[in-house]
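For reference, the structure is listed below as structure tokens.
The values are calculated or read from the model by the stated rules, or taken from the named source; none is laboratory data. Predicted model only: the values in this text are computed from it and were never measured. Reconstructed Cβ throughout: ideal geometry from the backbone, glycine too, with neighbour counts over all protein chains shown.
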Amino acid sequence: MMSAKGRLLGIGVGPGDPELITLKALRLLQAAPVVGYFVAKAKVAKGQHGNAFGIIAAHLGSEQQTLPMVYPVTTEKLAPPLCYEDIISDFYDTCAEQIAAHLEQGRDVAVICEGDPFFYGSYMYLHDRLASRYAAEVVPGVCSMLGGSAVLGIPLVYRNQSLAVLSGVLPADDLKQRLAATDAAVVMKLGRNFDKVRAVLEELGLAKRALYVERATMDNQRIVPLDQVEPMASPYFSLIIVPGEKWQA
Ligand SMILES: C[C@@]1(CC(=O)O)C2=NC(=C\c3[nH]c(c(CCC(=O)O)c3CC(=O)O)Cc3[nH]c(c(CC(=O)O)c3CCC(=O)O)/C=C3\N/C(=C\2)[C@@H](CCC(=O)O)[C@]3(C)CC(=O)O)/[C@H]1CCC(=O)O
Ligand SMILES: C[S@@+](CC[C@H](N)C(=O)[O-])C[C@H]1O[C@@H](n2cnc3c(N)ncnc32)[C@H](O)[C@@H]1O
């Protein structure tokens, strides 16, 4: 008799505060024989685990196997013919096959993801490769922009306002157009893009309204007025919120 195949689980673990994990995420995580997580190479070099892993490490049992998936590149400069898209695509292919090997043996694999798996989460690339071959389930998580608005203490959108979620990686002109056209915005992926994003907000007269947070809800969370962030000092795990104008009910 063929043994049943394992299930792929995409588990959102929330933005950092370990209490912001859902009951379902915790239950499925603790029941999974294999737990996969992404981590940046620079962290591994320092003997550290990924941010997502740090959120749930205390809940894992000694019998659970871990599967670290180490990004071959994040911000490194690549000498031609090396190209980011090819390297990252090969990397996800390899990760997917490592996971598939467990699934073939009937072992469920829980891939943890900081925030929510389907909100700019690396899990998406595994899901795209594996969900047509194996049973897959996604457990949503509290995403960073909601963790961010909570700790900043600012409502995101009132009444009929619209919210744009933007990547700080976008070129300045693109950001400017999109920010000018929305009532409220969240700008993700700051890091090396912070100075460009702040300059655009200043040009549009939005800098006074905008709020900035690093590592929202994590132990080392930091909230700084936008104009006091040192140039080129913003970490990747930071975001800016331009809240909707307050609506007096
Ligand atoms: C290249 C770059 C461009 C960009 O962002 O587009 C990019 N990551 C960059 C930097 C960076 N990433 C990370 C750190 C260390 C932070 C720290 O730990 O301190 C740093 C900073 C650094 O290395 O210095 C860690 C990290 N990254 C992801 C997760 C997992 C997750 O969140 O699921 C985790 C945490 C794992 C954990 O710890 O839990 C996920 C994703 N990162 C992606 C891209 C997407 C890949 C595929 C694609 O290209 O689509 C994807 C899958 C999501 C997506 O689709 O966006 C950008 C350069 C921006 C710039 O120009 O400055
Ligand atoms: C690859 S995306 C992952 C988003 C995540 N899946 C989510 O649901 O929020 C990474 C970006 O999310 C934002 N981010 C994630 N966690 C954060 C946190 N705790 N505080 C501030 N920004 C965060 C940052 O803008 C970072 O560059």
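Here are the numbers for the structure shown:
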{"quantity": "Subset of the range 52-68 (residues that are farther than 21 Å from Gln98 by Cβ and within 16 Å of ligand 2 (Cβ to nearest atom))", "calculated": "Gly54, Ile55"}
{"quantity": "Cross-chain or 6+ apart pairs with Cβ under 7 Å, the range 32-58 first and in the same structural domain as Gly106 (by the TED database), then of a type in the set (Val, Ile, Thr) and in a helix (DSSP H, G or I)", "calculated": "Gly36/Ile99"}
{"quantity": "Odd one out for Gly16, checked against (1) surrounded by fewer than 16 Cβ atoms within 10 Å (Cβ to Cβ); (2) in a loop (DSSP other than H, G, I, E, B)", "calculated": "(1)"}
{"quantity": "Residue selected from the range 173-204 under the condition among the basic types (Lys, Arg) and part of a helix (DSSP H, G or I), by the criterion farthest from Gln228 (Cα to Cα)", "calculated": "Arg178"}
{"quantity": "Members of the range 91-141 found to be of a type in the set (S, T, N, Q), surrounded by fewer than 17 Cβ atoms within 10 Å (Cβ to Cβ) and touching a strand residue (DSSP E or B) at 6+ places or on another chain (Cβ under 7 Å), listed by number", "calculated": "Gln98"}
{"quantity": "Residue list for the range 220-245, filter: touching a residue at least 40 places away in the same chain (Cβ under 8 Å) and among the acidic types (Asp, Glu)", "calculated": "Glu245"}
{"quantity": "Residue under evaluation Met145, criteria (1) surrounded by fewer than 20 Cβ atoms within 10 Å (Cβ to Cβ); (2) assigned to a helix (DSSP H, G or I), criterion not met", "calculated": "(1)"}
{"quantity": "Candidates Gly61, Gly106, Gly50 - the one that is among the small types (Gly, Ala, Ser) and under 16 Å from the mean Cα position of the chain (by Cα)", "calculated": "Gly50"}
{"quantity": "Verdict on Val157 being within 14 Å of ligand 2 (Cβ to nearest atom) and at pLDDT 95 or above", "calculated": "no"}
